[in-house]
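The values are calculated or read from the model by the stated rules, or taken from the named source; none is laboratory data. Predicted, not measured: the structure shown is a model, and the values here were computed from it. Glycine also receives a Cβ, built like all others from the backbone with ideal geometry; neighbour counts cover every protein chain displayed.
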Amino acid sequence: MSSQIEDAFQPGDALTIVDVQNDFCPGGALPIAAGQEVVPVLNRYIRAALTKGLPVYASRDWHPRDHISFKQRGGPWPPHCIQDTEGAQFHPELQLPESVIKITKGVRFDLDQNSIFHETGLEHELRSKGIVRLWIGGLAEDVCVLASVLDARRCGFEVVLIANGTKPVSAEGGKRARQQMHEAGARIEPD
Ligand code: VGL
Ligand code: ZN
């Protein structure tokens, strides 16, 4: 029997999982409340994508030590997702397939990359694969998910936000982010 997710997936879709890393989950360096709850939801989407032969992308925040976005450098964030540390690893229960295509961001010394499109070449990659629609979930809804959804829309991709597969840094920020994503033309599902 096919799942509802499988039925909703179409050729030209890609699943895009943003920054589901230990540091963004409870116990991590920049914990998002209930961040780990996105994992079983996104695992269902991964299984459906594989069944339908759709590509799965997973981004990771991957900062050099002493990154410009860290508080000690005048940035907004505590140190997090430092390259090759435990905190930067994907959540251990996230069932990424061997075929996963990783997007590594936050590596630049001179700027932060909240959006998975920002200076990563992802637009080129998606177009070369004939992708027209992205299903996006992950962490954090009001930071990297928001920036990525807005950039995807600017690039002309259709976007479905996996609403139960994302969590915000703050509840208030999450409400605003959802509104902004909706206004930018992203479908929010399930609503
Ligand atoms: C993120 C804060 C700092 C995110 C990354 O992935 O949403 N948030 N760096
Ligand atoms: Zn970061």
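For this structure, a couple of remarks:
- Options LEU94, LEU54: the member that is at pLDDT 95 or above, more than 16 Å from ASN22 (Cα to Cα) and not hydroxyl-bearing (Ser, Thr, Tyr): LEU54
- Among residues of the stretch 112-127 that are at positive phi and of a type outside the set (A, V, I, L, M), those with a beta-carbon under 7 Å from a residue that is within 16 Å of ligand 2 (Cβ to nearest atom) and assigned to a loop (DSSP other than H, G, I, E, B) at least six positions away or on a different chain give the pairs GLU119/ARG108; GLU119/GLN113.
- Residue check for PHE117: closer than 26 Å to SER170 by Cβ and among the aromatic types (Phe, Trp, Tyr): yes
- Search result, residues across the stretch 48-70 that are more than 12 Å from ligand 2 (Cβ to nearest atom) and more than 19 Å from the chain's Cα centre (by Cα): THR51, LYS52, GLY53, ARG65, ASP66
- Verdict on THR120 being in contact with a strand residue (DSSP E or B) (Cβ under 9 Å, 6 or more places away or on another chain), of a type outside the set (Lys, Arg), more than 9 Å from ligand 1 (Cβ to nearest atom) and outside any strand (DSSP E or B): yes
- Given (1) among the hydrophobic types (A, V, I, L, M, F, W, C); (2) crowded, with 21+ Cβ neighbours inside 10 Å; (3) within 13 Å of the chain's Cα centre (by Cα), number of the condition ALA163 does not satisfy: (2)
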